[in-house]
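Enquirer: Mind having a look at this structure? Questions to follow.
The values are calculated or read from the model by the stated rules, or taken from the named source; none is laboratory data. Quick caveat: nothing in here was measured; it's all calculated off a predicted structure. Here the Cβ is made from the backbone with ideal geometry for all residues, glycine too, and neighbour counts use every protein chain on show. Heavy atoms of the whole protein, side chains included, go into the accessibility calculation; ligands, DNA and RNA do not. Shrake-Rupley method; radii C 1.70, N 1.55, O 1.52, S 1.80 Å.
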Amino acid sequence: MRNVLSVTSECVPLVKTGGLADVAGALPAAVAAHGWDMRTLLPAYKGLLKKAAAQDVVWKSKELFGGPARVVQGEAGGNVVLLLDAPHLYDRDGGPYGDPVDFPDNPQRFAALSFVAAEIARNGLSDGWRPHVVHAHDWQAGLAPTYLKYGTPTDVATVMTVHNIAFQGVAPAAMLGALDLPLDAFTPDELEYWGQISTLKAGLVHADAITTVSPTYAAELMRPEFGLGLEGVLAARAGDLSGILNGIDTDVWNPETDPEITPYSARSLAGKKKNRTALLAEFGLSPTKGPLAIIVSRLTSQKGMDLIAGAAEEFVANGGALAILGSGDPQIEDDLRLLARNNPGQVGLCIGYDEALSHRMFAGGDIVLVPSRFEPCGLTQLYGLRYGTVPVVAATGGLADSVVNSNVAATQMGVSTGFQFHPIDKGVFAHCLRGVVDAFSRKTDWTRLQKRGMKQDLGWGASSATYAALYERVAK
Ligand code: ADP
Ligand code: GLC
């Protein structure tokens, strides 16, 4: 066995605001199958020590950015978790980053996480475990490769994964000292980013290898529209950058065993009809012959949620129905409230976060809408495929890599699994939905499309082998 330390700010089943948590929670089992023993380091946010039954103290320090800290080992979802217990940084209400307003000391909070990752890599835990590779996720762990590079030299390799480049971990230059960063690293070639510090840039510059969560997004990231200022940094490291598509947990997302729903399978979709009827009722929607569309998403412009209100009018006029679950941008929430009010019985809205309801929606929906402007990977289109809920997606990032568009050729060859549209605007999206309504009326073809999606291999098999091979390649 070789050892790898995964460093993350979220991990299911302990704490989740988005897909990063799902991926961090799935990776340990996925790479274990290839001989890698992964432990996951994350902050001990309020209540987590108890949730993970964490008791074994495996690392401690009298002083970590303003207070004492220890790492307590526990277990979550069958995986070993290392909780960084530093009450002055993490024991507070308000979500992992502060909600609705970010905590002002987030730079220190996540620098501390990265700093401890580097300490563990350098000196190991008290039980003797020490990683060969540190795998850092997003800006929150971006400084781990930097702390490793600038401290006592070590033989530990680093991998930096970008889940979302829109969050770059920017902090004022005046914080260099407070974050224990070397002043001579504050140059455009290293930490400096438009006069400030970017912890994500630091990771991209200092890690041995960089990954992101789909091959298309890896290529997109080197272009200005997607790199959001970091495209040059990424292009300079093109040879070390690769895209590895996320998988999903096919046990949790399994329509044959999902406890939330009437079970069904690709062999018999009869159960899916019952879920559809139940979902219509749950959202107060009228029965319809048109497709029942679902959305489970953060309500942000990244996700294209500002396009929904405009595109939905025609869709519901053509017999479609829409059930939305999500929360986010107050303006988008208001627009969707108005849409629901203007289309009673056809558009239903639930503002909030509800894991169980999301399962019922994937089981009951006919299509899932994912019109993202950019999407590193995206998970909901994968859940859609798994549940025979045909994905209608923007042709970008991981959406482009995981859904085969029903164009004439793909349909004739029998390989399509959903619908893609591009460019990403309201008119093109509405036009695509017109085609979907039409396709939905051709029942035999539609059932084929559903079943083909359900039979896709959506688990971690291939991608976990790719991660393991990457760890092997960088390990010194
Ligand atoms: P991102 O991480 O950018 O938000 P992903 O598609 O990778 O996008 O992951 C989002 C995850 O969060 C999925 O597991 C999705 O089902 C879940 N999710 C998003 N919004 C909600 C919600 N309101 N209720 C329940 N689950 C949600
Ligand atoms: C980010 C991305 C999403 C991806 C997830 C997990 O939140 O926005 O596309 O699926 O990370 O990698």
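Enquirer: Using r as the Cβ-Cβ distance of residue 50 and residue 469, and R0 as 41 Å, what FRET efficiency do you calculate, to the nearest 0.05?
Expert: With a Förster radius of 41 Å, E is 0.65.
Enquirer: Continuing with the same structure: Give the share of C-alpha pairs in each 10 angstrom bin for segment 57-103, from 0 to the last occupied bin, in whole percents, shortest bins first.
Expert: Using 10 Å bins, I get a P(r) of 26, 40, 32, 3 for segment 57-103.
Enquirer: What per residue convex hull volume, in Å³, comes out for segment 1-61 when only alpha-carbon positions are used?
Expert: Looking at segment 1-61, the number lands at 98 Å³ per residue.
Enquirer: Just for the Cα atoms in segment 270-454, what are the lengths along the principal axes, largest first, rounded to whole Å?
Expert: Its Cα atoms span 43, 34, 30 Å along the three principal axes.
Enquirer: Calculate the FRET efficiency for residue 129 and residue 174 from the Cβ-Cβ distance with a Förster distance of 45 Å, rounded to the nearest 0.05.
Expert: 0.75
Enquirer: On average, how much accessible surface per residue is there in the chain, in Å², for a 1.4 Å probe, leaving out ligands, DNA and RNA?
Expert: I get 39 Å² per residue for this part.
Enquirer: Now a separate question. For a quick protection proxy, order the peptides 301-310, 279-288 by their average other-Cβ count within 10 Å, most packed first.
Expert: In descending order of packing, they fall as 301-310, 279-288.
Enquirer: Only Lys, Arg, Asp and Glu count, each charged at its Cβ (+1, +1, -1, -1), so figure out the dipole size of segment 94-158 about its Cα centre, rounded to 20 debye.
Expert: Magnitude of the dipole: close to 240 debye.
Enquirer: Which value, in Å³ per residue, describes the convex hull spanned by the Cα atoms of the chain?
Expert: Cα-based convex hull of the chain, divided per residue, equals 140 Å³.
Enquirer: For a quick size check, give me the Cα extents of segment 206-282 along its three principal axes, largest first, whole Å.
Expert: 53, 24, 20
Enquirer: While we're on this one: Of the DSSP beta bridges with both residues in the chain, give the percent that are antiparallel, rounding to the nearest 5.
Expert: Beta bridges within the chain, antiparallel portion: roughly 25 percent.
Enquirer: Taking the dipole about the Cα centre of segment 270-454, with the C-beta of Lys and Arg at +1 and of Asp and Glu at -1, give me whichever of 382, 349, 301 is farthest to the positive side.
Expert: Selected residue: 382.
Enquirer: What is the packing order of peptides 243-249, 90-96, 334-340, 369-375, taking the mean over residues of other C-beta atoms within 10 Å and listing the highest first?
Expert: Going by the mean number of other Cβ atoms within 10 Å, highest first, we get 369-375, 243-249, 334-340, 90-96.
Enquirer: Moving on. Convert 10 °C to kelvin, take the viscosity as 1.306 mPa s, use the Kirkwood radius over C-alpha pairs of segment 68-184 as Rh, and evaluate the Stokes-Einstein diffusion coefficient in µm²/s, rounded to a whole number.
Expert: Answer from the Stokes-Einstein relation: 103 µm²/s.
Enquirer: Just to confirm a number: summing +1 for Lys and Arg and -1 for Asp and Glu over residues other than residue 373 whose beta-carbon lies under 14 angstrom from that of residue 373, what do you get?
Expert: Local net charge: -2.
Enquirer: While we're here: Using the Cα centre of segment 16-164 as origin and beta-carbon charges of +1 (Lys, Arg) and -1 (Asp, Glu), tell me which of 65, 89, 128 is placed farthest towards the positive end of the dipole.
Expert: The residue sitting most towards the positive pole is 128.
Enquirer: Determine the dipole magnitude for the chain: charges of +1 sit on the beta-carbon of Lys and Arg, -1 on that of Asp and Glu, nothing else is charged, the reference point is the Cα centre, and the result goes in debye to the nearest 20.
Expert: 1380
Enquirer: Looking at segment 215-257, which GluC sites (Glu not before Pro) are in a loop (DSSP not H, G, I, E or B) and have at most 12 other Cβ atoms within 10 Å?
Expert: 256
Enquirer: For the ranges 192-204, 118-130, what's the packing order if you count other beta-carbon atoms within 10 Å of each residue, average per peptide, and put the highest first?
Expert: So the peptides 192-204, 118-130, ranked by packing, come out 192-204, 118-130.
Enquirer: Once a ≥ b ≥ c are taken as the square roots of the eigenvalues of the Cα gyration tensor of segment 237-341, is the result rounded (a/c under 1.5), prolate (a/b larger than b/c) or oblate (a/b not larger than b/c)?
Expert: Oblate shape, in that a/c is at least 1.5 and b/c is the bigger or equal ratio.
Enquirer: Here's a follow-up. Going down the list 16/272; 273/451; 16/60, which pairs span over 18 Å between their C-alpha atoms?
Expert: From 16/272; 273/451; 16/60, over 18 Å: 16/272; 16/60.
Enquirer: If you don't mind, there's one more thing I want to ask. Could you state the number of Å between the C-alpha centres of segment 161-238 and segment 291-315?
Expert: Their Cα centres are 31 Å away from one another.
Enquirer: To continue, here is another question. Just the projected area, averaged over all directions, of the convex hull on the alpha carbon atoms of segment 100-145: how many nm²?
Expert: 3.9
Enquirer: What percentage of the solvent-accessible surface of the chain, computed with a 1.4 Å probe over protein heavy atoms, is contributed by carbon and sulfur atoms?
Expert: Percent of accessible area from carbon and sulfur atoms in the chain: 54.
Enquirer: At a temperature of 20 °C and a viscosity of 1.002 mPa s, determine how fast segment 358-476 diffuses translationally according to Stokes-Einstein, using the Kirkwood radius over alpha-carbon pairs as Rh; express D in µm²/s, rounded to the nearest whole number.
Expert: 142
Enquirer: Hey, with R₀ at 22 Å, roughly what FRET efficiency would residue 166 and residue 29 work out to, going by the Cβ-Cβ distance, to 0.05?
Expert: Efficiency for this residue pair is about 0.15.
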